[in-house]
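Below: one structure, written as structure tokens.
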Amino acid sequence: KVDVNIPTDDGDLNAQYEAELNHISHKAPEEKREISMSEKQDDYYRGFRSRVVLFWIICNFGLVAVVLSTAGLSRISGTKGPID
């Protein structure tokens, strides 16, 4: 069950608008969080794994580009490359 407050006249609407403006104008308190040494180490290992995977993907794209630029594409598609 949900209770909905629907304004019926302009006075209710303006009061609700002012209340929401007042609510929005106050900033939420900033949360202070201590990061443990194990969390720091886990984050380091996650970052390292991400960099290794990214490097591996870039190397694979480079390898594909080299293979396809050295007449690999013409062997796959069955057409002859450009005549020099």
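For the range 1-72, the Kirkwood estimate of hydrodynamic radius, built from reciprocal distances between every pair of different alpha carbons, is 19.0 Å.
Out of the trypsin sites (Lys or Arg not before Pro) in the range 10-64, which ones are loop residues according to DSSP with at most 15 other C-beta atoms within 10 Å? Sites meeting the loop and neighbour criteria: Lys27, Lys32, Arg33.
Each value in this text was obtained by applying a stated rule to the coordinates, not by laboratory testing. Since the model is a prediction, treat every value here as computed from it, not as a measurement. Virtual Cβ from ideal backbone geometry, glycine too; neighbours counted across all protein chains shown.
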